[in-house]
Amino acid sequence: MRVLAVDDDPLILEVFKNNFDDMGLRSLECASSGADALAILAKARNPFDVILLDIDMPQMDGITLCRKIRRLHDYATTPILMVTTITKEESVREAFTAGATDYVCKPVKPLDLAARMHSVTHLLRERRKAESNFEAAQAMKAQIERDMKITREAALKIDFVPNMIDKLEMENFILQLSRLEISRTQIYAFGIKEFNEIYDRTE
């Protein structure tokens with residue numbers, strides 16, 4: 001799991017590193033400002049799995065940064081945890097409105113952070129599973145629609161009618177009659193009135 005932590009206090013970033021080492025999470029990258037964070041996200045070859053944001057930062061606060069991150073294509077649903085000393089109801093509401101997934105108050109307790117990270121990891125895993133299942137279902141649906149697609153010119157085989165044969169089989173059958181010099185046979189055909197109009201309504 002790749003994590004990006006953004007905080008203008010180097011001591012807090014050091015705490016994150018120590019806590020993550022204790023949790024066995026080695027892939028942590030840090031940024032000291034909103035601008036640095038956006039630059040890191042832009043250069044990342046693979047998207048980060050979780051983002052930790054402080055709120056009270058100079059130039060660009062964490063809530064503004066959260067909004068900007070949510071506008072990025074790869075981070076529309078990425079878990080974002082606000083880690084801050086600010087406990088005002090208004091700030092909490094603004095953070096979640098901006099797209100925050102969770103809200104952790106400083107000073108950060110290692111067990112609390114571990115529990116929140118575990119919760120976020122579970123959320124991320126379930127979300128990816130759901131997305132994978134959805135994509136598989138969509139692919140199957142598209143394949144079924146392609147298989148069932150009938151063009152105006154295509155011959156239609158009706159499987160549930162006894163003794164009905166396909167166009168190729170019919171052509172070979174007629175050719176075989178000719179080879180065997182069988183001259184007596186009967187062929188029936190029928191037309192569908194207003195076929196084009198019916199077809200257009202079924203597309």
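Report every pair of residues separated by at least 6 positions or lying on different chains whose Cβ atoms are under 9 Å apart, first residue within region 99-122 and closer than 20 Å to Gly62 by Cα, second modelled with pLDDT under 80 and of a type in the set (Asp, Glu).
These pairs meet every condition: Val104/Asp112; Cys105/Asp112.
Can you report the number of residues in region 82-94 which are closer than 17 Å to Leu4 by Cβ and either touching a helix residue (DSSP H, G or I) at 6+ places or on another chain (Cβ under 6 Å) or open to solvent by 60 Å² or more (accessible area, probe 1.4 Å) (or both)? Lay out the reasoning, then the answer.
Of the residues in region 82-94, the ones closer than 17 Å to Leu4 by Cβ are 82-84.
Now drop any that are not either touching a helix residue (DSSP H, G or I) at 6+ places or on another chain (Cβ under 6 Å) or open to solvent by 60 Å² or more (accessible area, probe 1.4 Å) (or both), which leaves 82.
Result for region 82-94: 1.
Quick one: in region 69-80, which of the residues that are part of a helix (DSSP H, G or I) and in contact (Cβ under 8 Å) with a residue 12 or more places away in the chain is farthest from the chain's Cα centre (by Cα)? Can you show your working first?
Quick first cut of region 69-80, residues part of a helix (DSSP H, G or I) only: 69-70, 73-75.
In the following step, the residues that additionally are in contact (Cβ under 8 Å) with a residue 12 or more places away in the chain were identified as 69-70, 74-75.
Numbers: Ile69: 17, Arg70: 15, Asp74: 10, Tyr75: 11 Å.
Among them, the one singled out is Ile69.
Identify, please: which residue in region 95-128 is in a helix (DSSP H, G or I) and touching a Cys at 6+ places or on another chain (Cβ under 8 Å) and is, among those, surrounded by the fewest Cβ atoms within 10 Å (Cβ to Cβ)?
Per the stated criteria, the residue is Ala98.
Can you find a residue in region 56-69 that is open to solvent by 40 Å² or more (accessible area, probe 1.4 Å), of a type outside the set (S, T, N, Q), closer than 21 Å to Arg128 by Cβ and in contact with a helix residue (DSSP H, G or I) (Cβ under 9 Å, 6 or more places away or on another chain)? Write out each step before concluding.
Initial filter on region 56-69 (open to solvent by 40 Å² or more (accessible area, probe 1.4 Å)): 56, 58-59, 61, 64, 67-68.
So of that shortlist, the ones also of a type outside the set (S, T, N, Q) come out as 56, 58, 61, 67-68.
Add one more test, that the residue is closer than 21 Å to Arg128 by Cβ, and what stays is none.
No, because not a single residue in region 56-69 is open to solvent by 40 Å² or more (accessible area, probe 1.4 Å), of a type outside the set (S, T, N, Q), closer than 21 Å to Arg128 by Cβ and in contact with a helix residue (DSSP H, G or I) (Cβ under 9 Å, 6 or more places away or on another chain).
Is region 182-197 home to any residue that is of a type outside the set (Gly, Ala, Ser), at pLDDT 65 or above and at positive phi?
So far as region 182-197 goes, yes, one or more of its residues are of a type outside the set (Gly, Ala, Ser), at pLDDT 65 or above and at positive phi.
May I ask you to verify whether Val83 is in contact (Cβ under 8 Å) with a residue 40 or more places away in the chain and under 24 Å from Arg127 (Cβ atoms)? Step through it out loud before you land on a result.
Working: in contact (Cβ under 8 Å) with a residue 40 or more places away in the chain: yes; under 24 Å from Arg127 (Cβ atoms): yes.
Yes; evaluated as a whole, the condition is true for this residue.
Quick one: in region 1-47, of everything that is touching a helix residue (DSSP H, G or I) at 6+ places or on another chain (Cβ under 7 Å), among the hydrophobic types (A, V, I, L, M, F, W, C) and in a loop (DSSP other than H, G, I, E, B), which residue is surrounded by the fewest Cβ atoms within 10 Å (Cβ to Cβ)?
Met23
The values are calculated or read from the model by the stated rules, or taken from the named source; none is laboratory data. A quick note: this is a predicted structure, and the numbers were derived from the prediction, not measured. Positions of Cβ are backbone-derived with ideal geometry, glycine not excepted, and every protein chain shown enters the neighbour counts. Heavy atoms of the whole protein, side chains included, go into the accessibility calculation; ligands, DNA and RNA do not. Shrake-Rupley method; radii C 1.70, N 1.55, O 1.52, S 1.80 Å.
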